[in-house]
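Okay, so here's the structure we're looking at.
The values are calculated or read from the model by the stated rules, or taken from the named source; none is laboratory data. All figures in this text were calculated on a predicted structure; none of them were measured in a lab. We place every Cβ from the backbone using ideal geometry, glycine too, and count neighbours over all the protein chains shown. Note: areas computed on protein heavy atoms with side chains; ligands, DNA, RNA excluded. Shrake-Rupley method; radii C 1.70, N 1.55, O 1.52, S 1.80 Å.
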Amino acid sequence: MKEEHYSLAKKVDQGEVLKREVAKYLRYWVWFALTIALFLLAGHLYIRYTPRVYKSTAKIQILNKSKGLELPTASFIFSRSSINLENEIEVLKSYRVIEKVVKNLDLTMEYYEKGNVLTSEINGFPFTIVKTIDNENIPYTQSYTIEVKDAAFEVFKGNSNIPIIIPNFNSYLVVHDLPFELKVAAKSALDESKGKTFILKLIPIENATGKLKWGISVSTLGKSSDLLQIEYKSESKQKSERVLNELLKVFNEDGIKDRQEVSKRTINFIDERFASLAKELDSIEVEKKDFKQSNNLITIEADATLGIEQRNESENLIFNVESQLLLSDMLKESLSFDDSTSDLLPANIGLESPNVNGLVDQYNRLIFERDNLAISGGTNNPQVKVLNEKIKDVQANINSSLKSYKAQLLASKKQFEARNRMFSAQVSRLPGKEKIMRSIERQQNIKESLYLFLLQKREEAAINLAITEPSIKVVEYAMSSTVPVSTDPRNVYIMSFLGGLIVPFGILYIIILLDTKVKNKSDIELKVPNIPVLSELPKIKEKDLLFLNPTDRTIQAEAFRILSSNVNFVLSSKVQSKGKVIYCTSSIKGEGKTYVAINLSLALASINKKVLLIGADLRNPQIHNYIDHEKDDEGLSNFLSDESFNWKNALVKGFEHYPKHDTLLSGSIPPNPTQLLSNGRFKALLEEAKEAYDYIIVDTAPAILVTDTMLISEHADVTLYLVRAGFTEKNLLDFSKNLSETGRLKNMAYVINGVGGSKAYGYTYNYGYSYGYGSNA
């Protein structure tokens with residue numbers, strides 16, 4: 001198909017988009033030029049009448065020095081800076097510090113030199129001036145004008161026109177009520193100042209301090225830097241540098257004084273703590289002594305060793321007593337046999353009683369002696385009997401001695417066990433005593449450590465007080481810029497030029513941004529790139545809406561001839577043997593579909609084609625207004641509603657110079673246009689008309705308002721969708737795009753009507769080329 005090779009709807013490249021955007025604003029180049037000229041003139045006047053302000057800067061480093069009594073911190077441990085630069089900046093700009101600068105430099109006096117155009121601030125007068133009142137006696141700003149004459153000063157108070165004459169340039173020789181004295185060391189020094197006018201302003205110290213405080217700017221040089229940059233702007237470079245250098249001096253002295261004050265307070269605090277700590281240490285030592293005395297302690301370790309040894313010794317004694325008791329029982333059992341069977345007793349079995357041991361030895365000797373006599377003389381020997389009696393007596397003595405010895409052992413055992421319990425109790429109480437003792441010693445150690453720490457800090461504070469180091473290091477003293485930061489001519493002219501561009505650009509940008517109307521072909525191609533734009537029709541005056549002469553060479557005639565050519569190009573090849581059906585529709589009323597339908601039909605008729613123009617807008621017909629007919633004349637609605645009606649009988653010849661052009665009006669406005677257009681007779685009319693005409697142009701109803709056009713859209717070979725420049729909203733293009741993409745309108749193409757009337761976006765629609773054309777005759 002031809003339309004497949006038609007590429008009017010391709011996307012526009014970025015270069016073209018940029019070119020069109022620039023063209024929108026170049027259309028108003030005159031306004032840009034005028035605005036730039038006005039801004040440059042304003043910049044020139046600004047430079048001429050505005051004082052020049054210079055910036056002075058100084059750089060310092062905040063030194064990281066310990067201040068008095070400090071405990072170790074994480075910053076100290078990890079060797080990191082503990083300086084809080086934000087705090088230092090606030091101190092530097094504090095009212096107290098600034099006020100001291102104002103007092104030191106006497107900034108309650110401001111000096112100005114009056115020129116022909118500007119009055120500029122200066123660092124001082126070329127003569128000596130001494131203020132004779134205190135700062136507290138300046139309740140409000142006072143102004144004095146000093147004119148240097150040939151032989152005297154003339155001083156004017158405020159706006160007064162009565163001068164105070166200071167002859168010989170020496171106010172000390174004159175009685176006056178001025179708050180200052182004037183004097184010139186040498187009259188030759190005033191030669192260059194004669195004829196000049198100076199202004200002295202006395203301002204309250206609060207105002208001077210506030211003015212300087214808000215004029216000082218302090219900033220850090222990098223996030224991890226300890227450096228601060230201080231800025232001050234003034235008309236006088238010398239004054240700015242003097243102010244900054246004095247500020248550095250005052251700030252440094254303030255830091256030194258603070259550290260000295262800290263050192264003094266530290267020493268006083270430590271001295272007070274020394275007295276308190278001495279009392280506390282004495283109290284702890286007395287408590288320690290009393291505790292040891294009350295608990296019979298030397299040291300915990302020595303007492304623990306002694307207690308364990310005593311307990312072990314007591315246990316050994318108990319064991320020894322128990323052993324003696326056991327041996328005593330064994331010996332007693334040996335004595336329990338009959339006399340006839342008496343035998344020797346064990347000797348030296350371990351009993352520690354000498355009495356018992358002696359009796360046992362005696363007993364054993366008697367046994368030996370008896371046994372020997374019994375062997376030689378028999379058991380009935382009188383001597384044997386005497387010995388048996390003695391043996392019994394010794395045996396009785398042994399039993400008596402064992403009984404006494406055992407009673408003695410039991411008493412010793414009881415005593416030893418009591419001592420053992422006492423020693424065990426003493427050992428078990430040692431942990432508690434140790435806890436109390438360690439608590440006392442801990443308190444003593446803490447107080448002693450604190451005492452030594454404070455003693456060390458006192459020595460440090462004394463050293464710091466004696467040799468206090470600076471609080472800042474001056475990296476750069478005050479330096480002033482050679483180029484003014486305010487009213488720099490180059491910057492002012494650049495800003496004026498940019499302002500002259502930006503202001504009209506901003507106004508035009510807002511106007512264009514708020515303008516939501518379609519202006520030309522590019523607006524449609526950017527929003528709907530896949531649907532071609534066949535033609536841009538120029539805006540025509542009301543009286544020239546129709547070209548009635550087929551040979552017209554007007555802009556309008558040429559535009560519609562181009563449109564007719566482009567329409568033929570997009571028509572499908574399948575309908576070449578019959579008449580082509582062309583619909584003209586739009587989104588809303590007033591976009592020019594009827595105007596385009598009539599003139600397109602005339603353009604096709606002018607090339608000797610048979611053309612039928614049908615008014616299919618049954619709700620709001622407009623064709624009759626162009627051919628001088630009534631709205632209710634018979635036409636399409638009559639044919640659609642009456643099967644016996646012959647549409648050919650309703651054809652009219654509306655244009656005398658176009659014999660092959662016929663028009664079928666809309667007819668009477670029916671109550672049911674939707675039903676009429678969908679009853680099938682409109683299709684039959686088109687099929688019959690295709691046999692008789694080369695082109696059938698159908699003026700349909702607006703697509704967004706009613707569904708009439710969509711009901712008959714399938715019968716069109718091409719649908720021309722009208723967009724009126726400066727009238728159609730851009731958001732309506734989405735509606736028409738949707739109609740094409742969903743197939744509800746066949747083979748759709750855009751036609752832009754009314755282009756060039758407002759020359760929108762700098763676009764000038766122009767068919768005014770004269771190639772091969774002469775004037776109309």
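What size of dipole, in debye to the nearest 20, comes out for the chain about its Cα centre when the only charges are +1 on Lys and Arg C-beta atoms and -1 on Asp and Glu C-beta atoms?
Working: 97 positive and 96 negative charges, 428 e Å.
The dipole of the chain has a size of about 2060 debye.
Pick out the long, greasy-scoring helices in the chain: whole DSSP H runs spanning 24 Å or more along their own axis by Cα, mean Kyte-Doolittle at least 1.6. Let's see the in-between values first.
Numbers: long enough: 29-49 (30 Å, 1.43); 237-294 (84 Å, -0.97); 300-334 (51 Å, -0.27); 354-377 (34 Å, -0.34); 382-466 (120 Å, -0.60); 489-514 (37 Å, 1.77).
Long hydrophobic helices here: 489-514.
Expressed as cubic angstrom per residue, what is the convex hull volume of the alpha carbon set of region 621-771?
On the way: hull volume 25.2 nm³, N = 151.
For region 621-771, the hull spanned by Cα atoms encloses 167 Å³ per residue.
With charges only on Cβ, +1 for K and R and -1 for D and E, what is the dipole size of region 450-550 about its Cα centre, in debye, rounded to 20? Display every interim value, and only then the final one.
Working: 11 positive and 11 negative charges, 83 e Å.
That gives a dipole near 400 debye.
Convex hull over the Cα atoms of region 705-746, averaged projected area in nm²? Walk me through the numbers on the way to the answer.
Details: hull surface 12.7 nm².
Reported value for the Cα convex hull: 3.2 nm².
Only Cα pairs under 8 Å and at least 6 apart count here; give the relative contact order of the chain as a rounded whole percent. The partial results should precede the final answer.
Numbers: 1159 pairs, mean separation 135.5, N = 777.
Relative contact order for the chain comes out at 17 percent.
Longest exposed-loop-site-free stretch of the chain, with GluC sites (Glu not before Pro), DSSP loop and at most 12 other Cβ within 10 Å?
On the way: sites that count: Glu192, Glu630, Glu643, Glu656.
Here the longest segment lacking exposed loop sites spans 193-629.
Positive end of the charge dipole of the chain (Lys, Arg +1 and Asp, Glu -1 on Cβ, about the Cα centre): tell me which of Met330, Tyr54, Ser353 has its Cα farthest that way.
Tyr54
Quick one: dipole size for region 117-255, taken about the Cα centre, charges +1 on Lys/Arg Cβ and -1 on Asp/Glu Cβ, in debye to the nearest 20.
Charge dipole, region 117-255, about its Cα centre: 260 debye, nearest 20.
Can you pull the percent of region 78-146's accessible area that's carbon plus sulfur, 1.4 Å probe, other chains left in place?
Details: 1700 of 3900 Å².
Of the solvent-accessible surface of region 78-146, carbon and sulfur hold 43 percent.
So if I take the alpha carbon set of region 589-670, get Rg, then get Rh from the Kirkwood formula, what is the Rg over Rh ratio? Mind dumping the intermediate values first?
Working: Rg = 12.4 Å, Rh = 12.9 Å.
For region 589-670, the value is 0.96.
I'd like the carbon and sulfur percentage of the solvent accessible area for region 498-598, probe radius 1.4 Å, heavy atoms only, ligands and nucleic acids excluded. Kindly include the intermediate steps, with their values, before the conclusion.
On the way: 2780 of 4510 Å².
Roughly 62 percent, rounded to a whole number.
Counting only protein heavy atoms and a 1.4 Å probe, tell me what percentage of region 621-684's accessible area is made up of carbon and sulfur.
Working: 1410 of 3380 Å².
Percent of accessible area from carbon and sulfur atoms in region 621-684: 42.
Just the Cα atoms of region 130-248, one point each, no solvent: what log10 I(q)/I(0) does Debye give at q = 0.19 Å⁻¹?
So the normalised log intensities are -1.13.
Per the Kirkwood definition applied to all pairs of different Cα atoms, how many angstroms is the hydrodynamic radius of the chain? Write down the numbers at each step before the final one.
Details: mean 1/r = 0.0236 Å⁻¹.
Evaluated on the chain, it is 42.3 Å.
Determine the shape class of region 453-540: with a ≥ b ≥ c the square roots of the Cα gyration tensor eigenvalues, call it rounded for a/c under 1.5, and otherwise prolate if a/b is greater than b/c, oblate otherwise.
prolate
Short version: what are the Cα gyration tensor semi-axes of region 180-226, square root of 5 times each eigenvalue, largest first, in whole Å? Could the numbers behind the result be given before it?
On the way: eigenvalues 315, 63, 20 Å².
Here the semi-axes work out to 40, 18, 10 Å.
Could you provide, to the nearest whole Å², the per residue accessible area of the chain with probe 1.4 Å?
Numbers: 42850 Å² over 777 residues.
Averaged over the residues of the chain, the accessible area is 55 Å².
Roughly how far apart, in whole Å, are the Cα centres of region 187-240 and region 469-525?
So the separation of the two Cα centres works out to 28 Å.
Between Val286, Ile752, Gly222, whose Cα lies farthest towards the positive end of the dipole of the chain when Lys and Arg beta carbons carry +1 and Asp and Glu beta carbons carry -1, centred on the Cα centre?
It is Ile752.
What percentages make up the Cα-Cα pair-distance distribution of region 492-561 when the bins are 5 Å wide from 0?
3, 12, 13, 12, 12, 13, 12, 9, 7, 5, 3, 1, 0
Please report the net charge: other residues with Cβ closer than 13 Å to the Cβ of Gly350, K and R +1, D and E -1. Show your work: numbers first, answer last.
Numbers: positive: none; negative: Glu322, Asp329, Glu352.
Charge balance near Gly350 sits at -3.
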